[in-house]
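The values are calculated or read from the model by the stated rules, or taken from the named source; none is laboratory data. Only a predicted model underlies this, so the values are computations on that prediction, with no experimental measurement involved. Every residue, glycine as well, gets a Cβ built from its backbone with ideal geometry; the counts of neighbours run over all protein chains shown.
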Amino acid sequence: MNHIDRENLTMTKMVGIYCRAHHGTGGELCDDCAQFLDYAQVRLEKCPYGEDKPTCANCPVHCYKPRFRDRAKAIMRFSGPRMFLRHPLLTIAHLIDGRRRARHPRELTREERLERNGRVSSRQDGD
Ligand code: SF4
């Protein structure tokens with residue numbers, strides 16, 4: 001499983017834990033949480049860092065709209081500690097990702113930006 005797929009899985013699990021506890025849903029997400037997860041998955045797909053993506057909490061770009069950013073913080077705060085018991089491997093991988101330092105795209109050289117854009121384009125072309 002690549003990095004982006006793993007992040008997608010981690011986010012899906014965290015939203016599920018949050019939604020079950022706060023909205024009383026059994027397996028399906030409520031409309032609000034489903035909308036949040038859709039939004040987060042699109043941001044993940046379009047992330048300018050690609051496979052070098054840091055955790056969103058450590059990101060200098062912060063591409064989320066404010067209302068989704070607030071929801072993401074609430075979900076991370078609640079589900080983060082609960083993830084370790086339910087999905088320890090995903091949690092450990094996420095903690096390791098959290099140590100990755102991300103440079104703002106403005107700090108990148110032209111070649112680095114082109115390389116990243118090429119990677120994003122080729123990933124989107126493969127859809
Ligand atoms: S917040 Fe940063 S790391 Fe997260 S998806 Fe957006 S650009 Fe990528």
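At-a-glance table
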quantity: The range 5-24 - residue that is crowded, with 17+ Cβ neighbours inside 10 Å and among the hydrophobic types (A, V, I, L, M, F, W, C) and, of those, nearest to the ligand (Cβ to nearest atom); calculated: Met11
quantity: The range 5-51, residues that are farther than 17 Å from Ala72 by Cα and in contact with a Leu (Cβ under 6 Å, 6 or more places away or on another chain); calculated: none
quantity: Matching residues in the range 25-64 - criterion: being part of a loop (DSSP other than H, G, I, E, B) and away from the ligand (no atom under 13 Å from the Cβ); calculated: Thr25, Gly26, Gly27, Glu28, Leu29, Cys30
quantity: Matching entry among Lys53, Lys13 (being among the basic types (Lys, Arg) and over 11 Å from the mean Cα position of the chain (by Cα)); calculated: Lys13
quantity: Residues being touching a residue at least 60 places away in the same chain (Cβ under 8 Å) and of a type in the set (Val, Ile, Thr) - total across the range 5-38; calculated: 3
quantity: Matching entry among Arg67, Arg77, Arg6 (being in contact with a helix residue (DSSP H, G or I) (Cβ under 7 Å, 6 or more places away or on another chain), under 30 Å from Arg106 (Cα atoms) and not in a loop (DSSP other than H, G, I, E, B)); calculated: Arg6
quantity: Enumeration of residues in the range 94-127 that are assigned to a loop (DSSP other than H, G, I, E, B) and either modelled with pLDDT under 65 or surrounded by fewer than 10 Cβ atoms within 10 Å (Cβ to Cβ) (or both); calculated: Arg99, Arg101, Thr109, Gly126, Asp127
quantity: Any chance Ala40 is modelled with pLDDT of 95 or more and crowded, with 18+ Cβ neighbours inside 10 Å; calculated: yes
